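Please read the structure below before turning to the comments.
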């Protein structure tokens, strides 16, 4: 499971997080939308809200460099 999904429970001692391998296992998450929805104002707002909320509330989540 991703670190951000376990953080709340591991910080309370409910579960113990273990790294997979020496450096851990990391993945990039993408949002996919149909081309005809790309310019829809509600879709842009949704994607910005999802990005901002993820970065501000999910422990260990960062932007792709």
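Considering only 13, 21, 32, the mean-square fluctuation computed in a Gaussian network model of the chain, springs between alpha carbons under 10 angstrom, is largest for 21.
Hey, what did the chain get for relative contact order, percent, Cα under 8 Å, at least 6 apart? Intermediate values should be presented prior to the final figure.
Working: 23 pairs, mean separation 25.7, N = 65.
After rounding, I find 40 percent.
In terms of other Cβ atoms within 10 Å, 44, 19 run from fewest to most in the order 19, 44.
Across q = 0.17, 0.23, 0.25 Å⁻¹, the chain modelled as identical point scatterers on its alpha-carbon atoms has Debye log10 I(q)/I(0) values of -0.75, -1.05, -1.14, in the order of the q list. From its DSSP helices (H runs of at least four residues, each -39,500 (n - 2.57)), the chain gives a residue-normalised ellipticity at 222 nm of -12500 deg cm²/dmol.
Rule-based calculations on the coordinates, nothing more; no lab input. In this text, all values refer to a predicted model and were calculated from it rather than measured experimentally. So basically every Cβ, Gly included, is an ideal-geometry build from the backbone, and we count neighbours across all protein chains shown.
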